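One structure is given here, and the rest of the page talks about it.
The values are calculated or read from the model by the stated rules, or taken from the named source; none is laboratory data. Note that this is a predicted model, so its numbers are computed, not measured. Methodologically, a virtual Cβ is constructed for each residue, glycine included, from the backbone with ideal geometry; neighbour enumeration extends over all protein chains shown.
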Amino acid sequence: VSSEPTSGKEFRDVVVLDVDDTLYLESHYVASGFRAVGQQIADQLGCTDFADHALRLFRSGVRTRIFDRVLEEQGVVASPELIARLVTAYRTHEPAIELAIDAESFIARERPGRALAIISDGFLAAQQAKIRALGVDRRRFARITLTDEFGAERWKPNEYAFRLMQQHFGLPPERFIYIADNPAKDFVAPNSLGWKTARVRRSGGLHRDIACFPPPHLEVERLDQIAESMLDRLLGRQ
Ligand SMILES: [Mg+2]
């Protein structure tokens, strides 16, 4: 996905946002995906309450083989083909998700000379569907980069997408800030390139309890707690 083809050169600094658990709650996407898969299961196999079971497993911390486990519980032998079909259904469904209210107001701000952009990881079709559902493609983002367009080896923490962003805007690294939620992968590249970083620790976020080292330049629970004056200071405008 690329939004309007701006040259990128008319900005003084750039606020780059992650998507999952930064602009909306990822658990809402997961629940939406389970419902989509559950619909298929109900249609094909007559099993009901798949989504509830799957969500219960997810909430208890299970992250692998959720579909197999739920089907097993329901007495269905899950062939690899069936699982593959369900994974595709999950990744390609049109998700019922919306921007967090604080993200909405953060995005809507007027900020002369300051660009908004996105760098997001994940399977391309899934991330594109999220971008559509959130409506961010139609808003004020000068650039949207989905790392999967360049292959799985360029997912975060790889620096590639961050370097592309620098090239697009033609600005030095200290004029960029990356706002994201996952200490395990989000801040590695920005830190090594010399960007500023802000961590969003949303209530209900999947990675909110992970320790972050080195600490980000800012840490907030909601995007609307990041004032433009804080960004001015961090990005060297004053
Ligand atoms: Mg995230």
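Being within 17 Å of Arg12 (Cα to Cα), at pLDDT 95 or above and in contact with a strand residue (DSSP E or B) (Cβ under 8 Å, 6 or more places away or on another chain), is that true of even one residue in region 144-161? If you could, list the steps in order and put the result at the bottom.
Looking only at region 144-161, we keep the residues that are within 17 Å of Arg12 (Cα to Cα), and these are none.
No: zero hits.
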Can you tell me which residue among Ala89, Ala36 is closer than 24 Å to Arg132 by Cβ, touching a His at 6+ places or on another chain (Cβ under 6 Å) and among the aliphatic types (A, V, I, L, M)? Ala36
Only one of (1) under 27 Å from Cys212 (Cα atoms); (2) β-branched (Val, Ile, Thr); (3) crowded, with 22+ Cβ neighbours inside 10 Å; (4) more than 13 Å from the ligand (Cβ to nearest atom) fails for Ile119. Which number is that? (4)
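Can you work out which of the residues in region 13-35 that are hydroxyl-bearing (Ser, Thr, Tyr) and surrounded by 23 or more Cβ atoms within 10 Å (Cβ to Cβ) is farthest from the ligand (Cβ to nearest atom)?
Here is the first cut: in region 13-35, the ones hydroxyl-bearing (Ser, Thr, Tyr) are 22, 24, 27, 29, 32.
In the following step, the residues that additionally are surrounded by 23 or more Cβ atoms within 10 Å (Cβ to Cβ) were identified as 22, 29.
Values: Thr22: 5, Tyr29: 11 Å.
Within region 13-35, the match that is farthest from the ligand (Cβ to nearest atom) is Tyr29.
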Region 22-64 - residue that is more than 24 Å from the chain's Cα centre (by Cα) and on the phi > 0 side of the Ramachandran plot and, of those, modelled with the lowest pLDDT: Gly46
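Looking for whichever is aromatic (Phe, Trp, Tyr), more than 16 Å from the ligand (Cβ to nearest atom) and crowded, with 22+ Cβ neighbours inside 10 Å here; the options are Phe169, Phe150, Phe162. Which one fits?
On the way: Phe150 fails: crowded, with 22+ Cβ neighbours inside 10 Å; Phe162 fails: more than 16 Å from the ligand (Cβ to nearest atom).
Every option except Phe169 fails the conditions.
For region 36-50, indicate whether the set of residues that are closer than 28 Å to Ile119 by Cβ, more than 16 Å from the ligand (Cβ to nearest atom) and part of a helix (DSSP H, G or I) is non-empty. Spell out the reasoning first.
Step one: list which residues in region 36-50 are closer than 28 Å to Ile119 by Cβ, which gives 36-37.
Then keep just the ones that are more than 16 Å from the ligand (Cβ to nearest atom); that gives 36-37.
Narrowing the set further to residues that are part of a helix (DSSP H, G or I) leaves 36-37.
Yes, because at least one residue in region 36-50 is closer than 28 Å to Ile119 by Cβ, more than 16 Å from the ligand (Cβ to nearest atom) and part of a helix (DSSP H, G or I).
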Boolean, Arg91 is farther than 30 Å from Ala142 by Cβ, of a type in the set (Lys, Arg) and in a helix (DSSP H, G or I): no
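Taking region 76-86, which residues are among the aliphatic types (A, V, I, L, M) and within 29 Å of Ile131 (Cβ to Cβ)? Spell out the reasoning first.
We begin by selecting, within region 76-86, every residue among the aliphatic types (A, V, I, L, M); these are 76-78, 82-84, 86.
Answer for region 76-86, where residues must be among the aliphatic types (A, V, I, L, M) and within 29 Å of Ile131 (Cβ to Cβ): Leu82, Ile83, Ala84, Leu86.
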Options Glu110, Glu94; residue that is away from the ligand (no atom under 16 Å from the Cβ) and over 27 Å from Arg201 (Cβ atoms): Glu94
Among the residues of region 126-144, is there at least one that is under 20 Å from Ile177 (Cα atoms), touching a residue at least 40 places away in the same chain (Cβ under 8 Å) and basic (Lys, Arg)? yes
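With Phe187, Phe176 as the choices, which residue is touching a residue at least 60 places away in the same chain (Cβ under 8 Å) and crowded, with 19+ Cβ neighbours inside 10 Å? Lay out the reasoning, then the answer.
Values: Phe187 fails: touching a residue at least 60 places away in the same chain (Cβ under 8 Å).
Just one listed residue meets the conditions, Phe176.
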For residues that are part of a helix (DSSP H, G or I) and of a type outside the set (A, V, I, L, M, F, W, C), tally how many sit in region 51-81. 10
When Arg199 is run through (1) closer than 23 Å to Ser27 by Cβ; (2) part of a helix (DSSP H, G or I), the failure sits at (2)
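Looking at this structure, is Val19 touching a Phe, Trp or Tyr at 6+ places or on another chain (Cβ under 9 Å) and modelled with pLDDT of 95 or more? Walk me through it before giving the result.
Working: touching a Phe, Trp or Tyr at 6+ places or on another chain (Cβ under 9 Å): no; modelled with pLDDT of 95 or more: yes.
Against the criterion (touching a Phe, Trp or Tyr at 6+ places or on another chain (Cβ under 9 Å) and modelled with pLDDT of 95 or more), Val19 does not qualify.
Filter region 184-238 down to residues that are of a type in the set (Gly, Ala, Ser) and over 17 Å from the mean Cα position of the chain (by Cα) and give me whichever is nearest to Leu99 (Cα to Cα).
Here is the first cut: in region 184-238, the ones of a type in the set (Gly, Ala, Ser) are 184, 189, 192, 194, 198, 203-205, 211, 227, 229, 236.
Right, trim to over 17 Å from the mean Cα position of the chain (by Cα) and you get 192, 194, 211, 227, 229, 236.
Values: Ser192: 30, Gly194: 29, Ala211: 25, Ala227: 19, Ser229: 23, Gly236: 29 Å.
Ranking the qualifying residues of region 184-238, first place goes to Ala227.
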